[in-house]
Each structure stands twice: as C-alpha cells, then as structure tokens.
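The values are calculated or read from the model by the stated rules, or taken from the named source; none is laboratory data. Remember, it's a predicted structure, so these values are computed and weren't measured experimentally. With ideal geometry, Cβ positions are generated from the backbone for all residues, glycine too; neighbour counts draw on all protein chains shown.
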Amino acid sequence: MHASSYLVAAVGFAAYAYAQGTNGFTVATPSGLVQCQPVRLTWMGGVPPYFPRISQPGQVGQIIEQFPQTTDTFYVWTVNQPVGQTVTIAVGDSNGEVVGSAITPAIVAGSSSW
C-alpha cells in the first residue's frame with residue numbers, strides 16, 4: 001500500500017515539473033479574454049528567441065494561431081477566436097521546449113465582436 005502511495009506522489013510530482021518546464025520556463029494564464037480586445041500574454045524562463053502561439057485547450061501541439069518569434073517575454077494578442085472558446089497559451093523556446101498555460105476562461109464578447 002505504501003509503495004503505491006509513493007508511486008502516485010512521484011508521478012504527480014513529475015507531471016507538475018513537466019508542466020512547469022525546465023529552468024522555470026512557465027506561461028501565465030490570462031484571467032480573462034475578450035473578443036476583439038488586446039491581451040498581454042506573458043512567460044518567464046526558457047531561452048530566447050521565443051515562439052508564442054495559441055493552441056487547442058490543454059494541447060500545446062495543436063496550434064490554432066502562430067505568432068512571430070520574439071526575444072521579449074510577452075506578446076500582445078488581439079483576441080480573434082470565437083466567443084465561448086477556451087484556449088491554451090503555448091510558447092516554445094530556442095531549445096525546442098514548449099510549455100503551456102492552464103486552459104483559459106471562455107472568451108467573452110467585446111464591444112466590437114464580429
């Protein structure tokens with residue numbers, strides 16, 4: 001019984017470490033997304049240049065929109081996805097590591113939604 005508890009703890013710790021990336025490479029999850037409004041996407045750690053993108057919820061490899069590479073640790077995105085959709089903010093670095101945010105809250109309508 002104790003061995004299985006240790007195994008569960010080890011697997012949980014490994015999953016957490018992977019989600020965080022190496023060397024503290026993390027992506028912040030926006031508190032809200034408003035359609036047609038800019039939002040500042042931020043991350044820390046990793047090795048520039050960075051390759052920010054919007055991905056399917058929880059799937060950093062399923063890219064919805066790719067942004068230009070940057071050496072900054074932020075990118076301003078004008079939300080252009082449908083109301084009600086959730087996404088994951090993903091960022092790759094020059095070492096080939098890709099990390100993602102948590103799944104965002106659902107996108108809400110802005111004053112100039114299409």
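Figures for the structure shown
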item: Qualifying residue in segment 61-69 (condition: assigned to a loop (DSSP other than H, G, I, E, B), in contact with a Ser or Thr (Cβ under 8 Å, 6 or more places away or on another chain) and touching a residue at least 24 places away in the same chain (Cβ under 8 Å)); result: no
item: In segment 87-97, the residues that are surrounded by 15 or more Cβ atoms within 10 Å (Cβ to Cβ) and either more than 9 Å from the chain's Cα centre (by Cα) or among the charged types (D, E, K, R) (or both); result: Gly92, Asp93, Glu97
item: Residue within segment 91-101 that is in contact (Cβ under 8 Å) with a residue 40 or more places away in the chain and either touching a Lys or Arg at 6+ places or on another chain (Cβ under 7 Å) or more than 17 Å from Gly45 (Cβ to Cβ) (or both) present; result: no
item: Residue that is farthest from the chain's Cα centre (by Cα) [pool: residues in segment 45-82 that are closer than 13 Å to Leu33 by Cα and surrounded by fewer than 16 Cβ atoms within 10 Å (Cβ to Cβ)]; result: Pro82
item: Condition check for Pro30: at pLDDT 95 or above and within 11 Å of Gly92 (Cα to Cα); result: no
